[in-house]
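The values are calculated or read from the model by the stated rules, or taken from the named source; none is laboratory data. Since the model is a prediction, treat every value here as computed from it, not as a measurement. Cβ coordinates were reconstructed from backbone atoms using ideal geometry, including for glycine residues, and neighbour counts include every protein chain displayed.
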Amino acid sequence: MTRFVKASQEQGFALDRRQVLATGIAAGVAGMVGAVPAMAQAASPYALPSLPYAPAALEPHIDAQTMQIHHGKHHQAYVTNLNNALADYGQLQKLSLTELLATLPELPETVRTAVRNNGGGHANHSMFWSIMGPGAGGAPTGAVAKAIDGSFGGFDAFKKAFNEAGTKQFGSGWVFVTLGADGKLVIQARPNQDTPLMDGKPVLMGNDVWEHAYYLKYQNRRADYLAAWWNLVNWQAVNDRLARITKGETI
């Protein structure tokens, strides 16, 4: 399944679980409870993506040491733990990360929590690195700018709502932008490594508000980190994601 299942455009790109069941994915997942080591694949199915820029490229807004630890230690740990959790589940290893997270309730209990935490962490961070860049920031452009205007009445109102959601997220978590049933952009804060992908909804963009994302530079000043982060958003990358979501592609 290489695309988000869409019942219709009116359903706002949500993954219809009945159609997931129809594909046989969830049915196959249900059979994994009795999986044995012989089903495991030789190679680890998930890998740490390379940073698309140098660790110091996002300074002064995110420092090089934070980037090195965040990417090379935290994200790598999610990938390693996910691969370890699925080592004896060869059929699950064949699923894309999006498919795996969308079928979370159907996964065997023995791996469900590990997939939720580590699969979510892998998906969230892979998105995160891809939508930032040096010399970025500024006002949104293209289709994303139009979507923000139509959904929030302007970029300033959008930033305010996004930053408030990130600031108010209790403890560790993320603030995401996804699409609602009416096709408009929706801001959603989620705890830990949860993601809208677990509800069958695509993620347009998001910011990490775990302390490991900002504490070396900002200490407890999460609001300052959220404000500075807008200097790093690569709007062309976000536009590319929106175009793919609109086409129904899995990202």
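Would you check which residues across the range 154-179 are part of a strand (DSSP E or B), closer than 25 Å to Gly138 by Cβ and not β-branched (Val, Ile, Thr) and list them?
Within the range 154-179, Trp174, Phe176, Leu179 qualify.
For the range 143-162, give me each residue that is of a type outside the set (A, V, I, L, M, F, W, C) and under 20 Å from Asp182 (Cα atoms).
Lys146, Asp149, Gly150, Ser151, Gly153, Gly154
The conditions are (1) among the charged types (D, E, K, R); (2) surrounded by fewer than 17 Cβ atoms within 10 Å (Cβ to Cβ); (3) in a loop (DSSP other than H, G, I, E, B), and Lys146 fails exactly one of them. Which is it?
Looking at each condition in turn, Lys146 falls short on (3).
With the requirement that a residue be outside any helix (DSSP H, G or I) and basic (Lys, Arg), what does the range 83-139 give you? Let's see the steps before the verdict.
At the first step, the residues of the range 83-139 found to be outside any helix (DSSP H, G or I) are 86-89, 94-96, 103, 107-108, 131-139.
Lys94 - this is the single residue of the range 83-139 that is outside any helix (DSSP H, G or I) and basic (Lys, Arg).
Results for (1) closer than 17 Å to His75 by Cβ; (2) free of Cβ contacts under 8 Å to residues at least 12 places away in the same chain; (3) of a type outside the set (D, E, K, R), shown as yes or no for each residue.
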| position | (1), (2), (3) |
| --- | --- |
| Val175 | no, no, yes |
| Thr178 | no, no, yes |
| Gly183 | no, no, yes |
| Val203 | yes, no, yes |
| Val209 | yes, no, yes |
| Gln219 | no, yes, yes |
| Trp230 | no, no, yes |
| Asn234 | no, no, yes |
| Gly248 | no, no, yes |
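Restricting the search to the range 67-108, which residues are in contact (Cβ under 8 Å) with a residue 60 or more places away in the chain and of a type in the set (D, E, K, R)?
Glu99, Glu106
Mind checking which residues of the range 57-73 are closer than 16 Å to Ile131 by Cα and assigned to a helix (DSSP H, G or I)?
Residues satisfying the conditions are Ala57, Leu58, Met67, His70, His71.
Inside the range 180-199, can you point out the residues that are in a loop (DSSP other than H, G, I, E, B) and modelled with pLDDT of 95 or more?
Within the range 180-199, Lys184, Asn192, Gln193, Asp194, Thr195 meet the criteria.
Just the residues that are touching a Gly at 6+ places or on another chain (Cβ under 7 Å), of a type in the set (A, V, I, L, M) and under 22 Å from Ala227 (Cβ atoms), please, taken from the range 173-208.
Scanning the range 173-208 gives Val175, Val177, Val186, Ala189.
Sort through Ala114, Ala123 and tell me the only one that's in contact (Cβ under 8 Å) with a residue 12 or more places away in the chain, among the small types (Gly, Ala, Ser) and over 17 Å from Thr250 (Cα atoms). Don't jump to the end; show me each part of the working.
Numbers: Ala123 fails: over 17 Å from Thr250 (Cα atoms).
Going through Ala114, Ala123 in turn, the sole match is Ala114.
Can you name the residue in the range 215-251 that is of a type in the set (D, E, K, R) and assigned to a helix (DSSP H, G or I) and is also surrounded by the fewest Cβ atoms within 10 Å (Cβ to Cβ) among such residues?
Residues of the range 215-251 of a type in the set (D, E, K, R): 217, 221-222, 224, 240-241, 244, 247, 249.
Okay, now just the ones that are also assigned to a helix (DSSP H, G or I), so 217, 222, 224, 240-241, 244.
Details: Lys217: 17, Arg222: 19, Asp224: 13, Asp240: 17, Arg241: 21, Arg244: 16.
Checking each candidate, the answer is Asp224.
Any idea which of Ala57, Ala87 is modelled with pLDDT of 50 or more and closer than 19 Å to His125 by Cα?
Ala57
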